[in-house]
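What follows is calculated from the coordinates using simple rules that are stated; it is not laboratory data. These figures come from a predicted structure and were not determined experimentally. Glycine also receives a Cβ, built like all others from the backbone with ideal geometry; neighbour counts cover every protein chain displayed.
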Amino acid sequence: MMTTEDISPLDLVIDNPAALLPEVEAALDTIRPWMITDGGNVRILELTQTGVLRLELEGACGSCPMSAMTMKAGVEEAIRRAVPAIIRVEAVNAVVAH
């Protein structure tokens, strides 16, 4: 008998990713006020059937040196807590600190 421990993230297939988007938006709405206060926002670009969520950081958040931290500690944490089917969150325009 297969258990959840036997399933790798590579085996995950979300039949209808669009059905999860309202939950993702609700999770984003919990952190948007702070992003907006700093002149930024976040927009969903894509949610794949393999559980990868691609986002775009907008406004000041798109070019901020702290955007990678915002993604990891704020955005990704809020989304993964609310929507466990999402296994990875990527920002297509996050700035990597040097």
Region 24-42 and region 46-88 have their Cα centres apart by a whole-number Å value of 11
Paramagnetic reach from Arg88 (point 7 Å along Cα→Cβ, amide N under 20 Å) across region 10-50 | 10-18, 20-21, 24, 43-50
Per-residue HN-Hα couplings for region 17-30 [Karplus 6.51, -1.76, 1.60; θ = phi - 60°; Hz; x = Gly/Pro] | x, 4, 5, 8, 4, x, 5, 5, 4, 4, 5, 5, 4, 6
What ranking do Thr70, Thr37 get, fewest neighbouring Cβ atoms within 10 angstrom at the top?
-> Thr37, Thr70
